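First comes the structure, then the notes that go with it.
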Amino acid sequence: MVAHSAIFTCNDIMNSDNTNLVALKHFEWLGGLLQTTDTLFPSGGYAQSYGLEEMVALGRVKSKEDLEDFLMQEILPSLEKLELPYLRYSVESLGGNNLNELLILNEEISAWKLTREIRDAGKSQGTQLLKMILAIHQCPVSQQFHQLLQKSGDQCQQIIATALLRNLQKTPLSSSMIAWVYQAISNFCSAAVKLLRLGELACQKIIHRCISGEKVQRLLSNSLRVKREDAGFFNPMLDLASARHELAFSRLFIS
């Protein structure tokens, strides 16, 4: 993971010479990254629990300790071995301007989401994000990919839409991956506030421990070594919970 060591004070910026202005240009992507990871950005994640609601109903997650263990033992490994590698493959395909390969990756992502609710959640959020990209940025690459999707009759998965957005923003890969980890963990914690006797401070502590410097560096380092043919993670309990949630008598979340 690349760490940026440059730190600028107000005086540095106000009295910038050309050298500092050039250095500041390396961070032009940061504002867009912050905007699109903020809770105000309409990603649709607030309506999803990604199987957590049924895990709570089954008694598998009953406390803040259970939640943290669930995130550490089940969600972070899934991110490391599956979601982060596919985000990287998608970014690399865009770097090579290979939209047909991106379309194949989109199909693969849909295929490894084994339950309908999780698969549809990815499509719903991806389609919404792609619409936002087209409306705000008028990105020609995203427009071309949107046309390919329309011809194929498929919908855009969230990982693919995120790769399109980060490519447009010229966000460094390591920062894109950290943002994906943060969003995944925070989405579960946001849902947990409504499902458990859990306060926002407890959630922030859990998020902090999940994305602490050493842990996230190890996560990214391991993820970067995952080859396409080796990418995968199987979590039968979460898949069963997601399948049961679809037929639940009552529910708070879409998934």
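Summarising the label geometry, the points placed 7 Å from Cα in the beta-carbon direction at SER152 and ILE104 lie 1.1 nm from one another. Report note on the peptides 151-158, 243-250, 175-182: ranked by the mean count of other C-beta atoms within 10 Å, highest first, their order is 175-182, 151-158, 243-250.
Length gained on full extension, ASP239 to LEU201: 10.8 nm, using 0.36 nm per residue less the C-alpha separation. Membrane-span-like helices in the chain, defined purely by DSSP H runs whose alpha carbon atoms cover 27 Å or more axially and whose average Kyte-Doolittle hydropathy reaches 0.0, are 173-195.
Simple rule: put +1 on each Lys or Arg Cβ and -1 on each Asp or Glu Cβ in the chain, find the dipole, and look at GLY122, ALA57, TYR89; the Cα lying farthest toward the positive end is ALA57.
Only Lys, Arg, Asp and Glu carry charge here, each on its Cβ (+1 for the first two, -1 for the last two); on that basis the range 50-246 has a dipole of about 380 debye about its Cα centre.
Since every read-out is calculated from the coordinates, none of them should be taken as a lab result. This structure is a prediction, so every number in the text was calculated from the model and none was measured. With ideal geometry, Cβ positions are generated from the backbone for all residues, glycine too; neighbour counts draw on all protein chains shown.
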